[in-house]
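For reference, the structure is listed below as structure tokens.
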Amino acid sequence: MKNNVNAQEYQGNDKLLLGIVLGVITFWLFAQTTLNIAPIMQTDLGIDVNTTNIAVSITALFSGIFIVVIGGLGDKFGRVKTTKIGLILSIVGSLLIAASPKGATLFLMSGRIIQGLSAACIMPSTLAIIKAYYDGAARQRAISFWSIGSWGGSRLSSLFGGIIASTIGWRWIFWFSIAVAILSYYLITGTPESKNPPSEKKEKFDYAGVLTFMIGMVAINIVIGQGARMGWLSPTILALVAVAIASLYAFVRIEKSIENSFIDFNLFKNKTYTGATISNFLLNGAAGTLIVTLTLVQLGAGLSSFQAGLLTIGYLIAILLTIRVGEKLLQKWGARKPMLLGCLITGTGIFLNCFTFVLAEQYMVISTIGFTLFGIGLGFYATPSTDAALSTVPAEKAGSASGIYKMASSLGAALGVAISAALLTGLSGVDISWAEGIFWGRADNISIRYAAAIALLFNLVMVLTAIISILMTIPPGKPQATK
């Protein structure tokens with residue numbers, strides 16, 4: 001390992017950046033394909049649908065729960081080391097999934113849990129490495145490529161997974177993931193360690209905070225995932241809601257009363273960081289637009305899942321092309337303007353998807369345009385938001401700050417998708433004969449078109465709320481970086 005002087009003088013290069021991006025896509029591109037290939041995996045492995053649903057969601061759950069904890073540990077013990085541990089976990093998790101025998105769930109579930117822990121290691125640590133070893137325009141460029149790996153990877157995952165699963169088989173997705181993780185490990189090797197200076201003060205691990213947070217988040221995820229099936233007012237769901245509220249209340253009290261809390265609430269005294277994190281949560285919450293629109297065109301217009309996915313091609317291309325544009329706008333204007341512009345364009349795209357009253361053929365054209373605008377807006381927003389969050393926090397808190405920022409992404413998407421799906425499902429059975437004159441074409445699918453419009457409007461409200469948060473917290477011009 002290089003000594004501390006060399007670490008202080010080290011400047012990030014393209015080899016390190018490529019290794020970081022490849023590490024990021026082990027989760028966002030490969031692990032996320034289960035959102036699309038779950039039915040194929042279910043049939044091949046001979047498992048039931050409930051087990052499959054748990055396998056799909058459990059990775060994000062474990063990533064969200066542990067991402068802040070591990071981000072803080074990376075600050076203390078080493079961000080490069082933590083990233084490498086994450087890559088090793090990614091290899092182990094992918095191997096277990098790829099080798100899952102028919103009828104056995106232990107391999108699959110263990111692999112998905114380990115993938116979640118892998119993401120919790122890689123996401124905050126790689127962002128903290130970027131903050132440590134890239135400065136100014138070089139850091140903004142590095143964040144852009146990191147964003148391409150995460151935002152672009154997640155947008156490509158469904159299409160990529162479908163192509164691989166329908167040609168050479170779904171297991172190959174995870175064999176490819178292993179190869180990419182090995183290459184990432186090789187490229188990152190040799191990078192000097194980045195961590196906080198040693199402290200003479202010994203701090204105890206925040207077991208109480210982590211435990212109450214885990215209980216609260218698990219309870220919320222069960223409520224979100226099982227509420228519609230079990231009944232929102234059923235005793236079990238109401239009890240879980242009570243557990244979630246009590247646990248999270250206890251968590252906040254614990255974190256504010258101890259010095260070694262794994263979530264540093266003092267970070268939120270920084271208005272810029274707070275605004276970037278809140279708007280990130282809300283923009284990721286608008287991911288519900290995808291599940292609502294794609295479900296609508298399949299159930300309401302009879303498209304296959306592959307045909308429905310083609311509506312999002314413009315979304316994928318747009319976000320990949322405009323992330324670097326967002327970087328240039330950040331350098332020219334600072335973070336506030338491109339973040340606002342990105343939200344406005346994203347909101348316009350969601351608004352177009354709300355046109356569920358038109359004929360199916362017309363809606364497909366409008367939706368394709370809407371998804372393209374959605375991608376352009378997110379591309380403009382991604383790098384300025386991430387840079388605003390990281391550039392204004394102290395270097396010694398970069399890992400924890402990155403972890404909270406990425407936790408906001410995961411929790412925002414989970415909440416947005418869950419609420420959107422609940423609105424779509426719940427309102428689909430409502431009698432809206434009064435609206436028959438509003439909807440063009442077929443009358444047998446009006447209820448789901450109405451439900452989709454309401455669910456999409458909820459996503460639009462999420463974006464509008466993000467705009468308000470940016471206006472209230474992100475200063476105009478270029479912020480001063482905090483070293």
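One residue stands out among those in region 85-103 that are touching a Phe, Trp or Tyr at 6+ places or on another chain (Cβ under 6 Å) and of a type outside the set (S, T, N, Q): the one that is surrounded by the most Cβ atoms within 10 Å (Cβ to Cβ), which is Ile97. Quick check on region 245-262. Is at least one of its residues more than 29 Å from Lys76 (Cβ to Cβ) and without any contact (Cβ under 8 Å) to a residue 40 or more places away in the chain? Looking through region 245-262, at least one residue is more than 29 Å from Lys76 (Cβ to Cβ) and without any contact (Cβ under 8 Å) to a residue 40 or more places away in the chain. All told, Ser144 meets the bar of being out of contact with any strand residue (DSSP E or B) (no Cβ under 6 Å at 6 or more places or on another chain) and within 15 Å of Ala382 (Cβ to Cβ). Restricting Ile222, Ile237 to residues that are of a type in the set (A, V, I, L, M, F, W, C), more than 22 Å from Gly71 (Cα to Cα) and modelled with pLDDT under 80 narrows the list to Ile222. Within region 306-316, track down each residue that is buried (at least 17 other Cβ atoms within 10 Å of the Cβ) and touching a Ser or Thr at 6+ places or on another chain (Cβ under 9 Å). Matches in region 306-316: Ala308, Gly309, Leu311, Thr312, Gly314, Tyr315.
Okay, residues lined up against (1) at pLDDT below 80; (2) under 19 Å from Leu457 (Cα atoms); (3) buried (at least 22 other Cβ atoms within 10 Å of the Cβ):
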| position | (1), (2), (3) |
| --- | --- |
| Thr368 | no, yes, no |
| Gly375 | no, yes, yes |
| Pro384 | no, no, yes |
| Glu396 | yes, no, no |
| Met407 | no, no, yes |
| Ala418 | yes, yes, no |
| Ala422 | yes, yes, no |
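For region 328-353, a residue qualifies if it is among the hydrophobic types (A, V, I, L, M, F, W, C), at pLDDT 95 or above and surrounded by fewer than 24 Cβ atoms within 10 Å (Cβ to Cβ), and the qualifying residues are Leu340, Leu341, Leu344, Ile345, Phe351, Leu352. Scanning region 458-481 for residues that are at pLDDT 85 or above, buried (at least 16 other Cβ atoms within 10 Å of the Cβ), of a type outside the set (Ser, Thr, Tyr) and out of contact with any Lys or Arg (no Cβ under 8 Å at 6 or more places or on another chain) yields Phe458, Asn459, Leu460, Met462, Val463, Ala466, Ile467. Of the residues in region 72-84, how many are among the β-branched types (Val, Ile, Thr) and either modelled with pLDDT under 90 or surrounded by fewer than 22 Cβ atoms within 10 Å (Cβ to Cβ) (or both)? Of the residues in that region, 0 qualify. Pairing each residue of region 10-21 that is more than 15 Å from Asp135 (Cβ to Cβ) with any residue that is surrounded by 13 or more Cβ atoms within 10 Å (Cβ to Cβ) and hydroxyl-bearing (Ser, Thr, Tyr), provided the two are 6+ apart or on different chains, yields C-beta distances under 7 Å for Gly19/Ser184; Ile20/Thr126. Of the candidates Ile130, Ile143, the single residue that is in contact (Cβ under 8 Å) with a residue 12 or more places away in the chain, of a type in the set (A, V, I, L, M, F, W, C), closer than 30 Å to Leu290 by Cα and crowded, with 22+ Cβ neighbours inside 10 Å is Ile143.
Would you confirm whether or not region 164-177 contains a residue that is of a type outside the set (Phe, Trp, Tyr) and within 30 Å of Glu255 (Cα to Cα)?
Within region 164-177, none of the residues are of a type outside the set (Phe, Trp, Tyr) and within 30 Å of Glu255 (Cα to Cα).
Per the listing Leu340, Leu330, Leu352, Leu344, the residue uniquely closer than 29 Å to Thr295 by Cβ, touching a residue at least 40 places away in the same chain (Cβ under 8 Å) and among the hydrophobic types (A, V, I, L, M, F, W, C) is Leu344.
Every test in (1) among the aliphatic types (A, V, I, L, M); (2) surrounded by 15 or more Cβ atoms within 10 Å (Cβ to Cβ); (3) under 27 Å from Val69 (Cα atoms) is passed by Leu106 save one, and that test is (2).
Is it true that Thr277 is under 17 Å from the mean Cα position of the chain (by Cα), of a type in the set (S, T, N, Q) and under 15 Å from Leu456 (Cα atoms)?
It is false that Thr277 is under 17 Å from the mean Cα position of the chain (by Cα), of a type in the set (S, T, N, Q) and under 15 Å from Leu456 (Cα atoms).
Residue-wise test of (1) out of contact with any strand residue (DSSP E or B) (no Cβ under 9 Å at 6 or more places or on another chain); (2) in contact (Cβ under 8 Å) with a residue 60 or more places away in the chain; (3) β-branched (Val, Ile, Thr).
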| residue | (1), (2), (3) |
| --- | --- |
| Ile37 | yes, yes, yes |
| Asp44 | yes, yes, no |
| Thr51 | yes, no, yes |
| Val68 | yes, yes, yes |
| Asp75 | yes, yes, no |
| Gly78 | yes, yes, no |
| Gly86 | yes, yes, no |
| Leu106 | yes, no, no |
| Ile113 | yes, no, yes |
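Comparison of Ala382, Ala360, Ala389 shows that the only residue that is more than 30 Å from Leu294 (Cα to Cα) and assigned by TED's automatic domain parsing to the domain that holds Gly285 is Ala389. Please verify whether Ser125 is of a type in the set (Ser, Thr, Tyr), in contact (Cβ under 8 Å) with a residue 60 or more places away in the chain and either surrounded by fewer than 24 Cβ atoms within 10 Å (Cβ to Cβ) or under 25 Å from Ile37 (Cβ atoms) (or both), treating the condition exactly as stated. For Ser125, the condition - of a type in the set (Ser, Thr, Tyr), in contact (Cβ under 8 Å) with a residue 60 or more places away in the chain and either surrounded by fewer than 24 Cβ atoms within 10 Å (Cβ to Cβ) or under 25 Å from Ile37 (Cβ atoms) (or both) - is not met.
The values are calculated or read from the model by the stated rules, or taken from the named source; none is laboratory data. Everything numeric in this text was worked out from a predicted model, so none of it was measured. Positions of Cβ are generated from backbone atoms using ideal geometry, with glycine treated the same way; all protein chains shown enter the neighbour counts.
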